[in-house]
Structures are given as structure tokens and as C-alpha cells.
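Just so it is clear, none of the values below were taken in a lab; they were calculated from the coordinates. These numbers were taken from a predicted model, which means no experiment stands behind them. Note: ideal-geometry Cβ built from the backbone for every residue, glycine included; neighbour counts use all protein chains shown.
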Amino acid sequence: MRNPNIVILGAGYGGIMTAVKLQKSLGANDANVTLVNKHSYHYQTTWLHENAAGTLHHDRTRIQIKDVINTGKIKFVQDTVTEIKPEEKKVTLESGELAYDYLVIGLGFEAATFGISGLKENAFTIGSINSARLIRQHIEYNFAKYNNEAVKKQERLNIVVGGAGFTGIEFVGELANRIPELCKEYDIPPEDVRIINVEAAPTALPGFDPELVEYAMNSLEARGVEFKIGAMIKEVTENKLVFEKDGQREEIETNTVVWAAGVRGHSLVEKAGFEANRGRIPVQGDLRPAGYDDVFIVGDCALIINEETGRPYPPTAQIAIQQAEQTAANLTGLIKGEDHLEPFEPDLKGTVASLGHNDAIGVVFGDKKLFGWSATAMKKIIDNRYLLKLGGLPLLLKKGKLNFFY
Ligand SMILES: Cc1cc2nc3c(=O)[nH]c(=O)nc-3n(C[C@H](O)[C@H](O)[C@H](O)COP(=O)(O)OP(=O)(O)OC[C@H]3O[C@@H](n4cnc5c(N)ncnc54)[C@H](O)[C@@H]3O)c2cc1C
């Protein structure tokens with residue numbers, strides 16, 4: 001009898017952790033495990049805002065897949081998935097096709113642009129190493145260009161970030177640290193640069209504890225970030241952003257709009273025919289979509305409901321990693337002949353949002369609030385713990401954030 005084929009799509013938090021766990025729990029004669037990813041590297045999506053602002057080089061964020069995957073046990077295919085065909089149990093790649101007995105989908109997120117005019121065409125998003133590097137270089141180019149034009153263009157120095165949720169706040173925090181350095185480098189007076197955060201909700205960081213929100217806004221405003229709260233973005237063009245606040249239409253001249261206000265699951269997953277809710281696929285307790293016993297969905301493509309609130313859990317790395325661990329355990333059981341799958345129970349350890357260098361806010365261990373350095377240290381502990389889990393001490397020493405005082 002041939003070995004079953006397990007195919008894992010995407011080497012983000014969900015995909016790579018499934019692979020790392022399976023390489024420990026399955027022997028080479030138990031199953032053929034194939035991991036497919038667009039790039040030769042895994043990246044820590046949760047650090048991309050630092051790469052985009054230019055406060056951390058992207059090589060710190062990416063990890064070569066062959067450094068954490070034993071390719072003697074797991075086959076790694078660097079390719080782009082173009083179609084998932086669950087009825088045929090096949091996946092199409094740019095350069096071929098793969099048949100599976102079990103499929104794990106971990107293709108991550110895409111920006112949700114809610115039909116805002118010009119947003120898709122003119123705004124940047126923080127979604128990969130490539131897109132983060134583009135933002136960094138675009139900002140640097142505009143700073144360099146500013147003093148090379150006869151007529152100075154303010155649009156080059158106005159940076160607008162759409163959304164004051166987790167990603168938007170973390171990004172403006174990094175920008176607030178980076179801009180003074182760029183001003184020195186490009187001979188630009190810091191007071192000429194604006195970082196403007198536009199948020200449609202009545203508060204920044206919706207859902208966060210109000211005391212933490214106030215701390216975050218004070219910290220960021222003290223470093224020059226302007227907030228437009230309750231402001232709905234209506235249009236983005238090549239050199240302006242239009243928003244509406246209190247019934248008034250306002251414009252900001254800018255050629256740098258970074259959209260950080262909404263994500264949805266990867267569109268390939270919806271196109272595969274699974275029932276979708278805003279691009280995410282509702283999954284059962286065992287992380288399989290109803291009616292598909294051979295498909296597991298982990299990370300941002302999966303939609304799971306918090307029974308206490310009746311609302312979906314927000315897509316986070318924390319949940320993606322835990323789902324991967326559960327999926328690997330369930331797949332191992334299935335391959336070894338068990339028919340009972342353990343349901344997934346999120347074990348939320350808390351949330352910490354960085355506000356830039358040495359400042360952060362967070363809630364951990366249930367209701368313990370953290371501010372400033374202690375929150376920053378906690379964030380580094382969370383990041384380092386992940387690296388340890390993924391690639392042990394060597395990876396931690398190579399990529400970890402080990403200086404707790406900087
Ligand atoms: C700036 C930022 C900060 C964040 N901070 C936090 C945080 O502090 N804590 C937290 O818990 N969460 C945070 N998040 C959310 C978190 O990063 C996501 O929830 C998490 O990355 C989801 O993991 P995933 O495995 O589903 O997908 P991803 O990590 O996005 O990985 C998807 C993978 O699939 C690959 N891929 C995509 N399309 C294809 C294709 N067609 N073919 C082949 N490969 C493909 C990609 O290259 C990537 O490797 C943050 C997100 C951002 C953007």
C-alpha cells in the first residue's frame with residue numbers, strides 16, 4: 001500500500017508549524033509530506049511593520065525554510081499555488097500539479113479594501129517581505145526626491161496610515177522612530193513631515209482596554225503622530241487621500257498611503273468552492289470545513305467563533321500556531337489509524353502591541369495590563385518563544401530579539 005500524501009500550502013505561521021510538528025511525529029514510512037510555499041523562506045509577518053518602516057532589516061524577519069525543515073523527511077516545493085481543487089483532491093501550482101490525500105491550507109491573508117475607490121491601485125499594504133521592502137524604499141525615495149525638486153511637494157512628506165487597529169498602530173509607532181533618522185539623512189526639517197493615522201471607528205485600537213488605548217495614543221502623539229478618529233476613507237489617488245469626518249469632506253495631499261485596516265482570507269480558498277464568510281472559511285472544531293474530511297484549514301484562512309462572544313476570533317499568529325499544532329496532532333492520529341480528532345481550543349495568552357522602540361501596551365495572563373518597557377520585554381519574549389519552538393536554540397540565537405534593554 002502506498003503512503004498517504006499530505007500537502008501543506010503556505011509556510012506562514014500555520015503552514016510551517018504544521019510541517020515542523022509532522023516531521024517530529026511521523027516517520028518517513030508513515031506519509032509523504034510536501035510543503036509548498038511561494039518563497040524559499042518563511043517570514044515573521046508580525047515583524048513586517050518594522051521592515052516597512054525601516055527600523056529592522058527584512059533579513060532578520062525571514063528564515064530560510066531549509067534551515068527549519070528536514071528535507072530528508074519533508075519535501076519542500078518552492079512554487080505558487082494557483083488553484084485548489086478539493087473535488088479532485090488536487091492542487092495546481094504555477095509549474096505543475098500535486099495530488100493529496102490530506103490537505104492543510106495555510107495561505108494566510110490578503111488586504112480587504114471594502115470597495116474604497118482607488119485604494120487597491122494606489123495604497124500599499126504590509127503583507128510580505130516584498131511589500132514591506134517596497135514601502136521602506138518608497139518612503140526613502142520620496143525623502144530623497146523632496147530636496148531635488150524646484151517646487152517642494154508636501155505630498156512626499158505626508159505619510160498616511162489607514163486604520164488604527166493593531167497593525168496600523170504598530171506601524172505608526174515604528175514610523176515615529178524612523179522619521180527623525182530619515183530627516184537627518186535627507187536634510188529635511190522634522191516638523192515638515194506628517195504621520196497621519198486615519199481610523200473610521202470611534203476609537204483607536206477598537207476592542208482594547210481604554211486605559212491602554214489612551215496610553216498608546218499619548219505615546220504616539222508625543223512623537224508626532226496625528227490621529228483622525230471617526231474618519232472614513234472615501235478615496236485614494238496617486239497624490240491624495242480623501243476622508244469624511246463629522247459630515248465634512250477633507251483631503252490630505254500624499255503619495256504614501258499604507259492600508260492597514262482590514263484583512264480577509266486568501267482568495268484562492270474561497271475560489272476553491274468552500275463556503276466562505278468574508279473570505280475566511282468557517283471550520284468545525286477539528287479545523288476541517290464541513291463536508292471535507294481530507295482538508296484542514298489553519299491560520300487567517302480559517303474562521304472560528306468564540307463561543308463566549310458569538311464573534312469570530314481575530315486572525316492572529318498566536319491562533320495560527322496553535323491550530324497548526326492541533327492539526328499536526330490530528331493528522332498524525334489519522335495516519336496512525338485513529339478515527340477520533342481532538343477539537344481545537346484556543347489558549348489565548350494575551351495581546352501585546354508594540355508602539356515602536358521600547359514602548360508597547362498589552363494585556364496578558366487574563367487581565368494583567370502592561371505598559372512601556374515591560375510590555376516591550378513581553379513582546380520580545382513572545383517572539384523569542386516562537387523562534388525556539390520553530391527552530392530551537394540555533395534559530396533563537398540567529399534571529400531572536402535578545403537585547404531586552406534596546
Ligand atoms: C504588521 C503585522 C503585525 C502583526 N502582529 C501580530 C502580533 O503581534 N500578534 C499576532 O498574534 N498576530 C499579529 N499579526 C497577524 C498575524 O501575522 C497573522 O494572523 C498570521 O501571519 C497568520 O498566519 P498564517 O499562517 O495564516 O499566514 P501567513 O503568516 O500570512 O503566511 C502565509 C504564507 O503563505 C504563502 N503564500 C501565500 N500565497 C501563496 C501562494 N499562492 N502560493 C504559495 N504560497 C503562498 C506566503 O508567502 C506565506 O508564507 C500581525 C499582522 C501584521 C500584518
Close pairs from segment 293-316: first in contact (Cβ under 8 Å) with a residue 40 or more places away in the chain and in a loop (DSSP other than H, G, I, E, B), partner acidic (Asp, Glu) and more than 8 Å from the ligand (Cβ to nearest atom), Cβ under 9 Å, at least 6 apart:
294/101
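Taking strands (runs of 3 or more DSSP E) that do not extend beyond segment 247-287, which have at least 3 residues that are β-branched (Val, Ile, Thr) and under 30 Å from residue 142 (Cβ atoms)?
Counting at least 3 such residues, we get 256-259.
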Select from segment 347-406 the residues that are of a type in the set (Phe, Trp, Tyr) and either within 14 Å of the ligand (Cβ to nearest atom) or within 23 Å of residue 224 (Cα to Cα) (or both) and write down the one among them that is surrounded by the fewest Cβ atoms within 10 Å (Cβ to Cβ).
406
Which residues, taken from segment 199-221, are charged (D, E, K, R), surrounded by fewer than 20 Cβ atoms within 10 Å (Cβ to Cβ) and not in a helix (DSSP H, G or I)?
209
Quick one: in segment 112-126, of everything that is crowded, with 18+ Cβ neighbours inside 10 Å and under 28 Å from residue 41 (Cβ atoms), which residue is nearest to the ligand (Cβ to nearest atom)?
126
In segment 16-58, how many are more than 6 Å from the ligand (Cβ to nearest atom), in contact with a strand residue (DSSP E or B) (Cβ under 9 Å, 6 or more places away or on another chain) and in a helix (DSSP H, G or I)?
10
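Restricting to segment 155-207, name every residue that is of a type in the set (Lys, Arg) and away from the ligand (no atom under 15 Å from the Cβ).
156, 184, 194, listed by residue number.
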Scan segment 90-103 and give yes if some residue there is among the hydroxyl-bearing types (Ser, Thr, Tyr), within 16 Å of the ligand (Cβ to nearest atom), over 25 Å from residue 243 (Cα atoms) and surrounded by 12 or more Cβ atoms within 10 Å (Cβ to Cβ), otherwise no.
yes
